[in-house]
Every structure is written in C-alpha cells, then in structure tokens.
1. Which FRET efficiency value, to the nearest 0.05, do you get for Q19 and E111 by plugging their Cβ-Cβ distance into 1/(1 + (r/R0)^6) with R0 = 35 Å?
2. Just checking my list (i) 22.4; (ii) 14.3; (iii) 14.9 against Kirkwood radius over Cα pairs in Å computed from this structure; which label fits?
3. Let me make sure I get this right: for the stretch 1-56, a, b and c are the square roots of the gyration tensor eigenvalues over alpha carbons, sorted descending. Under 1.5 in a/c it's rounded, otherwise prolate if a/b > b/c, else oblate. Which is it?
4. Quick check: pseudo-label points 7 Å beyond the Cα along Cα→Cβ at E11 and R85, how many nm apart are they?
5. Calculate one ³J(HN,Hα) per residue across the stretch 79-88 by plugging θ = phi - 60° into the Karplus curve 6.51 cos²θ - 1.76 cosθ + 1.60, and present them in order as whole Hz with x for glycine and proline.
6. R0 = 22 Å: FRET efficiency of K68 with S99, Cβ-based, nearest 0.05?
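Coordinate-derived values only; no laboratory data. As the structure is a computational prediction, the values presented were derived from the model and not from experiment. Here Cβ is always computed from backbone atoms with ideal geometry, including for glycine, and neighbour counts include all displayed protein chains.
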Amino acid sequence: MEKELEKIIREFHLVEQIQKILSLEKDWDDEGDKGYAGKEDFIYSTIKYLPIITKLIKDKQGIKLDSKILHVAPGPEGSIDFCWRTSDYNLLLNVSENSEPSYAMTGKNNETLIKGKIH
C-alpha cells in the first residue's frame, strides 16, 4: 500500500471500518448484494476522495470536517458511503465502481447546502 494511502487511512481512522466492510460476503443484506470480499482494490481506491471532499467542503462551506466522526458503510449496489453527521449538518459521499463519486450536504432543517459530483 502506498504511503499516501496509509496516511489517509490513519488520519481518518479507517482501519477497523474498512476491515468490517471487506468481511461482508455475498448477500450480506439478504437482498442479493454482491458483497465486498475480494474488493480490496476498489475499497482502497475510494479513500483517495476523502482529502478531496474535505478540501471542497472547507472551500465552499467554510466547514472543517472532523475525521473522527467519519463513518464508512456499504452503499447501494456495492458502493461505499462516507458519512459525517453533526447537529449542524449531514454529509454523504458515495463512491461506486461505475460512476463519478457524488456528495450531498444538508443542514439542520434538512435543507440542501451543497451537492454535486467529484470529477
């Protein structure tokens, strides 16, 4: 694993969360999901978007994302969701194998603050 990737994994406290997702076998959700076992390359490739979304939200919203509250979860159709939740906002970054990463941030009253795709 390259050093930059290792640094991001440590900075965002991802080791246990990644291991948990990689342990999900086929049909883990009882809805026919393909699972994440054997998808290490894809999972690790999603991590490169964390510094990008962190900078984007800082530049556009003036919010410094707290890496300690980041939650990583399996997303729809084999994608990965990165979620930040506070009393002031919710931010979801979804990364899939087949499309550009997308993000959406909502505020206290569930109003959309910002959304888009990372190119």
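1. 0.50
2. Checked against the structure: label (iii).
3. The shape class here is prolate.
4. For the pair E11/R85, the computed spacing is 2.5 nm.
5. 7, 10, 10, 10, 10, 10, 10, 9, 6, 9
6. Efficiency for this residue pair is about 0.15.
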